[in-house]
Ligand code: FES
Ligand SMILES: [Fe+2]
């Protein structure tokens, strides 16, 4: 529900729940889940409907579809996760990464920017930190595709192999399948790591204001998957992500980047991404070449 009371604008989040109604802290107006003002004899206009959105509980995350069009309903649903539903995977951790100054499209642009992997993510970091491990390099083999049936879904696959003191160890090859369920507000990671097993992680970007996202990670794995190994895999990703963040918070958005061969399927991704803009992808949807997308 919109945070600010239609009466005098008090913050409803500081109110309280009375039965199935939300009570404003300032004058005690009650609102039902459909945004209607209730039980209030002296309210002049009871036909007012306070802005509200459908919300679902998705594996412990409150998900809301919010559109520039006030009354728009979610055009797609988030898929069930059979491994979590069946109890094979349980919730193993959460990390609040704080607020990051970036446009949400940067996360998607990053996934198709194949040429940055060796430059920016080619060295191993001590998981969760920025500290480089000098003798271990990471070889990335990225790819990107759209889902054949679900228009709002796209996949980024990263296969990573360790190179230790100049020698490539094929057996270390791990896979991270990253599923965009929409423009990047919620992104799912399926990690397959030799000897460690599988981990499912969600990265969420909650818009706080223009060009500011609150980033949170939540991960699920088998109940008995060893905690240090799970933490290693997740922390490794987060260390690499931090490398990107340092770039994103300082970069601009180039509508027409100077291209080179093998840059990655940037045009294809942008075409896919355009569906999430209300104008359906006007050529100027990202503004000019500055960051005011
Ligand atoms: S401001 Fe909410 S009831 Fe008056
Ligand atoms: Fe990156």
Multiplying the sequence separation of residue 173 and residue 56 by 0.36 nm and subtracting their Cα-Cα distance, what value in nm do you get?
38.5 nm
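Of 181, 78, how do they rank once you tally other Cβ atoms within 10 Å and put the fewest first? Please report the intermediate quantities before stating the final value.
Details: 181 21, 78 17.
Lowest count first: 78, 181.
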Checking 160, 176, 55 against a Gaussian network model of the chain (alpha-carbon springs below 10 Å), the top fluctuating residue turns out to be 55
Counting other beta carbons within 10 Å of each Cβ, put 113, 148, 190 in order, fewest first.
148, 190, 113
Given a cut-off of 28 Å, what percent of all Cα-Cα pairs of the range 46-196 lie beyond it?
34 percent
Would you look at the GNM of the chain, springs on alpha carbons closer than 10 Å, and say which of 238, 84, 199 moves the most?
84
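Once the Cβ-Cβ distance between residue 250 and residue 68 is put in as r, and R0 is 25 Å, what FRET efficiency do you end up with, to the nearest 0.05?
Values: r = 28 Å, r/R0 = 1.10.
Efficiency at R0 = 25 Å is approximately 0.35.
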Between residue 133 and residue 164, what is the spin-label point distance in nm, taking each point 7 Å from the Cα along the Cα→C-beta axis?
0.8 nm
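So if R0 is 35 Å, what FRET efficiency would residue 229 and residue 268 give, r being the distance between their Cβ atoms, rounded to the nearest 0.05?
Computed FRET efficiency for residue 229 and residue 268: 0.50.
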Residues 135, 248, 272 arranged by fewest to most Cβ contacts within 10 Å
135, 248, 272
When the Cα centres of the range 1-32 and the range 126-196 are compared, how far apart do they sit, in Å?
44 Å
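Roughly what % of Cα-Cα distances in the range 82-276 sit above 20 Å, to the whole percent? Spell out each step's value before the answer.
Numbers: 10888 of 18915 pairs.
Looking at the range 82-276, the distances longer than 20 Å represent 58 percent of pairs.
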Choose one answer from 122, 264, 98: the residue with the largest mean-square fluctuation in a GNM of the chain with alpha-carbon springs under 10 Å.
98
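Rule-based calculations on the coordinates, nothing more; no lab input. The shown structure was predicted, so the numbers you read here are calculated from the model rather than taken from an experiment. Glycine gets a Cβ as well: all are built from the backbone with ideal geometry, and neighbour counts include every protein chain shown.
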